[in-house]
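Participant: Before anything else, here's the structure in question.
What follows draws every value from the coordinates through simple rules; no lab data is involved. If you're wondering where the values come from, they're calculated on a predicted model, not measured in any experiment. Because the Cβ atoms are built from the backbone with ideal geometry, glycine has one as well, and the counts that use them run over all protein chains shown.
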Amino acid sequence: MKIEFVEREKVDGLRDPILISGLPGSGLVGKVAVDHLVEELSAIHFAEVYCDGMAAQIFVDSTGVAALNRNDLFYWRNKGKGNHDLILYTGDSQPASAEGEYELSASIASYAKTNFHPSELLTLGAYVTGNFTETPKVYGSATDEDYVRRLTELGISLMEEGAITGMNGLLLGIAKLHGFRGCSLLGETSGYAVDPKASKSVLTALGKLLNLNLDFTALDERAKQAQSVLKSVQNWQASQQEPQETSQSDEARKKLGYIS
């Protein structure tokens with residue numbers, strides 16, 4: 001598989017950076033979260049990542065301009081109270097195969113380590129329950145016990161079983177092999193539609209973790225727009241349920257798995 005990094009700007013002097021990844025997955029929780037970070041922080045685009053393991057397609061924007069399926073890297077220099085600059089990684093899609101996901105994850109971790117020496121890698125994604133909720137919880141998993149304690153001190157619920165699939169999970173595991181510390185923050189979602197509320201919950205937890213003060217006005221507006229779609233899905237789901245399904249416990253529903 002061919003992977004190509006196309007740098008649009010040379011980036012030097014990042015201060016103890018943290019790499020944050022949010023790629024398309026269930027509910028687009030991680031992607032919407034990182035897209036919001038890019039907009040809110042006015043992060044600067046510096047590189048594109050092309051991979052022939054992604055779906056064979058192009059994307060056309062609202063102006064009619066077409067572009068090849070790709071991922072993107074941004075940077076943000078922290079001029080506030082925090083001690084870390086940020087590298088943000090998101091994109092149009094993930095590779096179509098498990099082999100491609102492993103290879104691209106390894107390439108991203110290697111590229112970051114070689115060029116920026118990040119101290120931590122954080123991935124943002126979805127904790128899929130199959131249920132709808134007005135106040136999504138955030139679940140976390142980390143590379144070591146000290147980091148786990150850090151999450152619990154911030155009130156983040158721990159994943160105690162299951163799997164984090166796709167690159168939003170793989171990146172954390174491969175980064176650990178490269179010597180990074182870090183965690184996955186997963187927003188509770190039904191998984192049936194784009195879920196900006198879950199993205200907001202994840203970003204709220206991230207803000208506490210990294211001492212970031214984020215404005216959620218734009219994300220709240222997006223959540224209102226998504227609400228009508230979710231309501232339609234809820235109505236359809238209710239019409240399809242058999243009587244015996246209504247007695248299924250929440251715990252049983254959560255056995256659906258954790259798809260990021």
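Participant: Taking H placed 1.01 Å from N in the peptide plane, check which residues at least 5 places from N78 or on another chain put their amide H under 5 Å from its amide H.
Facilitator: D85, L86
Participant: Percent relative contact order of segment 146-236, based on C-alpha pairs within less than 8 angstrom and at least six residues apart? List each step's numbers first, then the result.
Facilitator: Values: 52 pairs, mean separation 22.0, N = 91.
Taking the mean separation of contacting Cα pairs over the length of segment 146-236, I get 24 percent.
Participant: Rounded, prolate or oblate: pick one for segment 84-184, where a ≥ b ≥ c are the square roots of the eigenvalues of its C-alpha gyration tensor, a/c under 1.5 means rounded, and failing that, prolate if a/b is larger than b/c, else oblate.
Facilitator: In terms of gyration-tensor shape, oblate.
Participant: Helix 196-210 against the longest principal axis of the chain: what's the angle in degrees, Cα atoms only, rounded to the nearest 10?
Facilitator: Approximately 50 degrees, to the nearest 10.
Participant: Using a 10 Å cut-off around each Cβ, can you sort M159, M167 from fewest to most neighbouring Cβ atoms?
Facilitator: Details: M159 17, M167 29.
Least to most surrounded, the residues fall as M159, M167.
Participant: If we count other beta carbons within 10 Å of each Cβ, what is the order of E160, E103, fewest first? Don't skip to the end; give the middle numbers.
Facilitator: On the way: E160 7, E103 18.
The fewest-first ordering by Cβ neighbours comes to E160, E103.
Participant: Then there's this: Using a Gaussian network model on the chain with a 10 Å cutoff between Cα atoms, which of G22, G191, G80 fluctuates the most?
Facilitator: G80
Participant: Rounding to the nearest 20 debye, state how big the charge dipole of the chain is about its Cα centre with +1 on each Lys and Arg Cβ and -1 on each Asp and Glu Cβ. Please report the intermediate quantities before stating the final value.
Facilitator: Numbers: 24 positive and 34 negative charges, 87 e Å.
About 420 debye.
Participant: How would you classify segment 168-221 from its alpha-carbon gyration tensor, with a ≥ b ≥ c the square roots of the eigenvalues: rounded for a/c under 1.5, else prolate if a/b is greater than b/c, otherwise oblate?
Facilitator: Working: a/c = 3.42, a/b = 1.49, b/c = 2.29.
Verdict is oblate for segment 168-221.
Participant: How far is helix 98-115 tilted off the main Cα axis of the chain, in degrees rounded to 10, range 0 to 90?
Facilitator: For 98-115 against the chain, the angle is about 40 degrees.
Participant: Starting from the 7 Å offset along Cα-to-Cβ, what nm value, one decimal, do you get for the label separation of L154 and K79?
Facilitator: Result: 2.4 nm between the two label points.
Participant: Also: I'd like the FRET efficiency for N131 and S97, computed as 1/(1 + (r/R0)^6) with the beta carbon distance as r and R0 of 35 Å, rounded to 0.05. Could you put the intermediate results ahead of the total?
Facilitator: On the way: r = 30 Å, r/R0 = 0.86.
After rounding to 0.05, the efficiency reads 0.70.
Participant: Let me ask something additional. Order these by the 10 Å Cβ neighbour count, fewest first: R15, R77.
Facilitator: Values: R15 10, R77 14.
By the 10 Å Cβ count, ascending: R15, R77.
Participant: Let me ask something else about it. At R0 = 22 Å, how high is the FRET efficiency between V6 and S62 if r is their beta carbon distance? Nearest 0.05 is fine.
Facilitator: Working: r = 23 Å, r/R0 = 1.06.
It comes to 0.40.
Participant: Another question, if that's okay. Which of N71, H84, Y111 sits closest to the plus end of the dipole of segment 1-134, meaning its Cα is farthest towards the positive end, when Lys and Arg get +1 and Asp and Glu get -1 on the C-beta?
Facilitator: With unit charges placed on the Cβ atoms, the residue in question is H84.
Participant: Could you work out how far helix 29-41 tilts from the main Cα principal axis of the chain, as a 0 to 90 degree angle to the nearest 10?
Facilitator: With both axes taken from Cα atoms, the answer is about 50 degrees.
Participant: When the helices in the chain are scored as -39500 (n - 2.57) per DSSP H run of 4 or longer and the sum is shared across all residues, what 222 nm value do you end up with, to the nearest 500 deg cm²/dmol? List each step's numbers first, then the result.
Facilitator: On the way: 7 runs with 94 residues, N = 260.
That comes out to -11500 deg cm²/dmol.
Participant: Please state the relative contact order of the chain as a whole percent: Cα pairs under 8 Å, 6+ residues apart?
Facilitator: On the way: 536 pairs, mean separation 62.9, N = 260.
24 percent.
Participant: What is the list of residues in segment 156-193 whose amide nitrogen lies under 12 Å from a point 7 angstrom out from the Cα of D146, following Cα to Cβ?
Facilitator: In segment 156-193, the label zone of D146 (backbone N under 12 Å from the point 7 Å along Cα→Cβ) covers 181-182.
Participant: Between I164, L214, P136, whose Cα lies farthest towards the positive end of the dipole of segment 3-220 when Lys and Arg beta carbons carry +1 and Asp and Glu beta carbons carry -1, centred on the Cα centre?
Facilitator: Checking the options against the dipole of segment 3-220, the answer is L214.
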